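Structure, as structure tokens:
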Amino acid sequence: MEIKPEKKEKFYSLPVEDIIQKYRTSYDGLSSTQVRRLQMEYGENKLSAGHHKTYLEMFIEQFKDFMIIVLLAAALIAGLIAHEWTDAVIILAVVILNAIFGVFQESKAENAIEALKNMATPKARVKRDGDIQEIDSTDLVPGDIVVLEAGDIVPADLRLYETSTLKIEESSLTGESIPVQKLGTTITEPNVALGDQKDMAFSGTNVTFGRGTGIVVSTGMNTEIGQIASMISENDDTTTPLQRNLSQLGKVLTYIILAISALIFLIGMVKNDANWIDMLIVAISIAVAAIPEGLPAIVTIILALGTQKLSKRNAIIRKLPAVETLGSTDIIGSDKTGTLTLNQMTVEKVYTDRQLLDSDVGLDQQDMTLRIMNFANDSQIQADGTLLGDPTETALIKFGQKNDFFIQDELKITPRVNDLPFDSDRKMMTSINQFGDNAYLVMTKGAPDEILKRCNQYLQGNELHDLTEEDQKDILDVNNDLAKQALRVLGFAYKVIDEMPSPINSDTIENDLVFAGMVGMIDPERPEAKAAVAEAKQAGIRTIMITGDHQVTAQAIATRLGIISENANEAVISGSQLSQMSDEELDQNVEQYSVYARVNPADKVRIVKAWQSKNKVVAMTGDGVNDAPALKAADIGIGMGINGTEVSKNASDMVLADDNFATIVHAIKEGRKVFANIQKSIQYLMSANLGEVLTLFVLTIMGWDILAPVQLLWINLVTDTFPAIALGVEPTEKGIMKEKPRGRNSTFFSGGVFPAIIYQGIIEGLITLGVYYWALNFPVHTDYAMIHHDAQTMAYVTLGLIQLFHAFNVKSFSKSIFQQNIFANKTFNWAIVVSLILLGVTILVPGFNQMFHVTQLNLSQWGVVVLGGILMVVIVEFVKLFQRVFSRKGN
């Protein structure tokens, strides 16, 4: 039975009694009869599995691409009608290999729901029929009373009503790495963000401390994690710019090829009065020559090579088109924690001895602030030195170790004998340690304003001073300044007592304290992140921060990173403000905001789609379950390899092995290079094929001998394959990250490439025809058949040489070949050499002449042929020079 998600109620704002009445339960739990009825109504507490495509379905889908359909049609026509079975086999082989590779990539991409399902806990402790029972979590129903303890995974969404120092780590849902202190009291504020719903516990999150009891309010697909699973299913993979470009290219080619082939067929029938079957074969030969049958394979190879290069830089590509999509990115929507920051709480400022110091200023081991932050601390130090506990507390221990203060050694001298755990009402915790034979050292840590209320003295130097109202104001001013910098501030105080009071509670212990100092802590930004944000900005790419963290913290980090300017309050919006906006309002105002704080999963998807409505290509980074729907909705989803959940990784197109924002910017640079290189390959292939078509077209109109199908096939194989692939590994051109994003609507023909293809193809055709004409008018033989045979051979070799020489032209669209190191690409150099050898073999090696219908050329004929190839370079160089001069004048 599949239960579809229902609209979520605001259970956090409902009184417990109302929830008990809603589900007809009690504090003793449900009865067995009620459980059976509710299980029929709500189904099992598990996530429904999405549809998984079979290998056959995935294989068939590979053939829906328009370009692939064109190639299949060409293969059928070439084989069945023209009987050019060699062409047909090659085309089919390319198409099938491309489809197999696509299936291999896609088969790894549909595991997000399964990963979500695996997050569920296998057991849950519930109250039923008045007794505590341990049951499978799948059997839970709304109304069940669940008991939580440290180490548990929350089995369903719960409305808490009893808590005892309960802390739950919710980073997978909210992005907030610090465990949340949970309460049993009802929240009265409206529109509270997920991370602030402190009377709720959510399915799949981890209990790190304390215990609690709550009522199940949502199960299965109706939980917060279930809503995310639903959004993942709804957001199908987005068509990438590469896929759109190739589809458009296929359509353009088809129209052009059909028009030219039909025209040649009609001209041949009318002008030459030829047999219609012969002319159909000619037309089909031209169509086969015009179709770059190797293009899908070449694009796949270029993408695969880019994938390998990125993997060496910690960017793991899960879907090949993602490489190119990165290059068209306009917007990077990044989570804060772990991506832009280190995901490590760190002491940044220390206020001690009434002085504010940077954390790198060494403290004396006897400094009281240093000692209290380590003693009033529940972190556990493992045998191997690793720390377990709250990230804030472990950061304090690390700070102590940095200052040569080792708490495990100090506890041997000053052991803890009692404590008062942290309480959200008091906002502090206290450790009581043995101090000598007849004294105790009371050390308190907590919110500075609450700590100061319990103090009547402060420590400066080695002397105690009375704490006046003016002193308190000065200390609170420092506290406020640190808070404005988005630092989490903790205060420290102490006192020495001669005997242990009875009873031990806050009233008897936490009073008449001596204020020692404060620390300001933050999850700091990655050192390289600021430079990466600046590089992205220079490239016209806007970085926006989408985080579950608090607004003040998010704004401060964004300012420090250069995402927003100082005091750019208008650029920051909270999740509660966002939830009150309609989709239309968000679409209109999305360009105003660069920082989104305390957002819910659905909001992230809305943000992505709002930017996409502005025709922007959006890359979304994320590590938590809450990021998965947005990762799926984005043009390219980027998961985190270290701190990311399996859900976010499986929903991504790319995974960062180092969780580093700077790696994304490098990947974008690589993506731009990949697009430029694919564009070079397409320019090369299309201009070459246009040259072939033009040559055949004119030869047909003039009634001259056209090139033999085997000659066309060999030229396509030799000149199209190796140089086109080698162009795909061209080095990155200088200044590529100073160019603006090319835009969602750009194609491989954009940026002047289409006119270049046209004029370069025409030049190739005219030079080839010119050589053919020269061979007819300046023959070396007297026999009519040999003259035409030589002309055909020279046209064949010229067409091949021109294309190989032209490959040097397209290494840069606008730069002269003399402005760059044209021999830097060793792969390209070898490709040209191999292609020249393969072309020359058909002429120079005895035995191949008859196979390829060619003759031996003398020195003068070779001179004309080579001159034709060089002429192609010279003409294109003059055009490039004109373009550069015109561009400078235009600027």
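Throughout, read-outs are computed from the coordinates displayed, never taken from laboratory work. Here the structure is a predicted model, which is why all the values come from computation and not from measurement. All Cβ positions, even for glycine, are placed from backbone atoms using ideal geometry, and neighbour counts span all protein chains on display.
I need the Debye-formula profile for region 760-891: one equal scatterer per C-alpha, no solvent, reported as log10 I(q)/I(0) at q = 0.12 1/Å, two decimals.
-0.54
How about region 724-772: which trypsin sites (Lys or Arg not before Pro) there are in a DSSP loop, with at most 14 other Cβ atoms within 10 Å of their Cβ?
Lys734
Using θ = phi - 60° and the Karplus form 6.51 cos²θ - 1.76 cosθ + 1.60, what ³J(HN,Hα) does each residue of region 180-193 get, whole Hz, x for Gly and Pro?
Ordered by residue, 3J(HN,Hα) equals 9, 6, 9, 10, x, 8, 6, 8, 9, 5, x, 6, 8, 5 Hz.
Could you give me the radius of gyration and the Dmax of region 357-516, taking only the C-alpha atoms into account and expressing both in angstrom?
15.3, 47
Return the long-range amide H neighbours of Thr543 (sequence gap of 5 or more, or a different chain), with a cut-off of under 5 Å between placed amide H atoms.
When sequence neighbours closer than 5 places are left aside, the close amide H contacts are Ile332.
With loop defined by DSSP as not H, G, I, E or B, and exposure as at most 14 other Cβ atoms within 10 Å, which is the longest segment of the chain clear of exposed GluC sites (Glu not before Pro)?
With a cap of 14 other Cβ atoms within 10 Å, the longest stretch comes to 10-498.
Which trypsin sites (Lys or Arg not before Pro) in region 528-636 sit in a loop by DSSP (not H, G, I, E or B) and have at most 15 other Cβ atoms within 10 Å of their own Cβ?
Of the trypsin sites (Lys or Arg not before Pro), the ones in loops of region 528-636 whose Cβ has at most 15 other Cβ atoms within 10 Å are Lys614.
Determine, for Ser379, Ser261, Ser171, the number of other Cβ atoms within 10 Å of each Cβ, and report the residues in order from fewest to most.
Ser379, Ser261, Ser171
Relative contact order of the chain, please, whole-number percent, based on alpha carbon pairs below 8 angstrom and at least 6 residues apart.
Normalised by residue count, the contact order of the chain is 13 percent.
Can you tell me, using C-alpha contacts under 8 Å and at least 6 residues apart, the relative contact order of region 357-516 as a whole percent?
Relative contact order comes out at 21 percent.
Between helix 224-234 and the chain, what is the angle of the helix's C-alpha long axis to the longest principal axis, kept within 0 to 90° and rounded to the nearest 10?
Long axis of 224-234 versus the principal axis of the chain: about 10 degrees.
Among Lys349/Lys412; Lys530/Lys680; Lys530/Lys734, which pairs are too far apart, with a Cα-Cα distance over 31 Å?
Lys530/Lys680
Report the net charge of residues surrounding Asp627, where surrounding means a beta-carbon distance below 11 angstrom and charges are Lys +1, Arg +1, Asp -1, Glu -1.
Its environment carries a net charge of +1.
Taking θ = phi - 60°, what integer Hz values does the Karplus form 6.51 cos²θ - 1.76 cosθ + 1.60 yield along region 21-28, in sequence order, with x for Gly and Pro?
Along region 21-28, the couplings run 5, 4, 9, 6, 10, 8, 5, 8 Hz.
Students often get this wrong, so check it: of Lys182/Lys336; Lys127/Lys604; Lys614/Lys669, which have C-alpha atoms separated by over 29 Å?
With Cα atoms farther than 29 Å apart: Lys127/Lys604.
At most 15 other Cβ atoms within 10 Å and a DSSP loop assignment: could you name the trypsin sites (Lys or Arg not before Pro) in region 845-891 that fit?
Filter output for region 845-891: empty list.
Cα axis of helix 241-271 to longest principal axis of the chain: angle in degrees, 0 to 90, nearest 10?
10
Please compute the Kirkwood hydrodynamic radius over the chain, one decimal place, Å, based on all pairs of different Cα atoms.
32.0
Just to check I understand the Karplus step: with θ = phi - 60° and J = 6.51 cos²θ - 1.76 cosθ + 1.60, what whole-Hz values come out for region 357-364, glycine and proline as x?
Those phi angles translate into 10, 6, 5, 7, 7, x, 9, 5 Hz.
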